[in-house]
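Some notes on the structure that comes next.
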Amino acid sequence: MPRAACLVKVSSHPGRPAPVTVEALAAKIAKQDYSGQNGYTAIAPSPSISLRIKAGLWIELEATAAFVLGVGLASLMGKEPSQ
């Protein structure tokens with residue numbers, strides 16, 4: 001069987017845990033994909049703390065503006081008290 005066509009056979013029973021070899025292979029692949037010079041962490045580094053704070057403040061400002069606008073419109077459209 002050619003090496004490229006070799007597939008890992010996984011049990012068709014959903015209640016059974018995966019064999020230890022499959023779990024070890026998955027851990028090895030995940031370690032290769034998410035660490036090192038060519039991994040995910042090198043491609044998409046995490047943003048700085050100051051950028052996170054600025055983004056959070058903009059989101060908070062947007063939510064506050066939407067709330068104030070909503071309360072203002074609700075007060076304008078509210079039912080007049082009957083006499």
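The values are calculated or read from the model by the stated rules, or taken from the named source; none is laboratory data. Note that the structure is predicted; figures quoted are calculated from it, not measured. A quick note on method: Cβ atoms are made from the backbone with ideal geometry, for glycine too, and the neighbour counts reach across all protein chains shown.
Computed quantities for the displayed model
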{"item": "Some residue of the range 4-16 being among the β-branched types (Val, Ile, Thr), surrounded by 10 or more Cβ atoms within 10 Å (Cβ to Cβ) and either at pLDDT 65 or above or in a helix (DSSP H, G or I) (or both)", "result": "no"}
{"item": "Among (1) part of a helix (DSSP H, G or I); (2) modelled with pLDDT under 90; (3) not acidic (Asp, Glu), the one test that Leu73 misses", "result": "(2)"}
